[in-house]
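Q: Quick one: the structure is below, and I'll ask about it shortly.
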Amino acid sequence: MSPADIASASAALEGSPPEAALRWAAERFPGRVGFATAFGPEGCVLLEAIAREKLAVDVFTLDTGLLFPETLELWHEMERRYGVRVRGVQPALTLAEQEQRQGPALWQRAPDRCCDLRKVQPLRAEMLLFDAWITAIRRDQTPDRARAGVVERDSRFGLVKVNPLAAWTSEQVWTRVRERDIPTNPLHARGYPSIGCAPCTSAVEAGEDPRAGRWRSFAKTECGLHGRFTSKPPKES
Ligand code: SF4
């Protein structure tokens, strides 16, 4: 798609329900569109919509080997309830191999490197299968996501990126979860609004930014899938 075509599609879908963007993606890129989910509430909302609309979208999750048991259970519950397969995409290195080459607990010393090995490189390899990918990002999640279009060019991976929930708020997402009784991660109710790998996710206090529990000891806000790495020194404790 040309930049003008992408801008036109994005403008046309802005303000439409997420199902419209999902349908557009499935029809515009038949057999060549993927959806990467980490089973956040946004991802669960989109997965339910993909299943309900019976859209031909290849759904997968980056199985870093470090996910919470609750996330693994939710993965299987979504597959059971909606009859969809969510492929697990593993890194090239097992955790033991990573430890052998990079030393123990890389996430405690160099989380950007760890995310690159366990998330970004596997995603990059997966992207070769697609012409477009769907994400569950919202504009108000991080500064890096603030200008996300419903449809945009993803120069990192060289394909079209579709963000059906770009304009949605967290409240809209949770309203949809309640209305459709969509399963979500039980850790949300225990103070974890944003959930990634277990070693890099902690609960947040009332009033903290919802993503404050991600890489809490580091000045890092993105795993590198949607925005820049933030390779700054660790936060002062
Ligand atoms: S979130 Fe943490 S454990 Fe997971 S890949 Fe990134 S640095 Fe590694």
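Q: At q = 0.10, 0.12, 0.17 Å⁻¹, what is the base-10 log of I(q)/I(0) for the chain according to the Debye formula with one equal point scatterer per Cα and no solvent? Please give it to two decimals.
A: For the chain at q = 0.10, 0.12, 0.17 Å⁻¹, log10 I(q)/I(0) is -0.45, -0.66, -1.40.
Q: In whole Å, largest first, what are the principal axis extents of the Cα atoms in segment 1-94?
A: On the principal axes, segment 1-94 reaches 42, 30, 22 Å in Cα extent.
Q: Among ILE50, ILE137, ILE182, which one shows the biggest mean-square fluctuation in a GNM of the chain, springs joining Cα atoms closer than 10 Å?
A: ILE182
Q: Strictly greater than 18 Å: what percent of every Cα pair in segment 80-150 meets that? Spell out each step's value before the answer.
A: Numbers: 1455 of 2485 pairs.
So the portion of pairs separated by more than 18 Å is 59 percent.
Q: Near the amide H of ARG214, under 5 Å away, which other amide H atoms are found, from residues 5 or more places off or on another chain, if H is placed in the peptide plane?
A: SER202
Q: Averaging sequence separations of C-alpha pairs under 8 Å and six or more residues apart, then dividing by the length of the chain, give the relative contact order as a whole percent.
A: Values: 374 pairs, mean separation 53.7, N = 237.
Answer for the chain is 23 percent.
Q: Now for a different question. Which whole-percent values make up P(r) of segment 150-202 when all C-alpha to C-alpha distances are grouped in 10 Å steps starting at zero?
A: It works out to 19, 34, 35, 12, in whole percents.
Q: How many angstrom separate the Cα center of segment 84-114 from the Cα center of segment 148-198?
A: Segment 84-114 and segment 148-198 have Cα centres spaced 23 Å from each other.
Q: Just add up the charged neighbours of GLU14: K/R +1, D/E -1, any other residue whose Cβ is under 14 Å from the Cβ of GLU14.
A: Here the count lands on +2.
Every read-out reported here was derived from the displayed coordinates using simple, explicitly stated rules and does not represent laboratory data. Because the structure is a prediction, the values reported are computed rather than measured. Cβ sites come from the backbone with ideal geometry, for glycine too, and all protein chains shown count toward neighbours.
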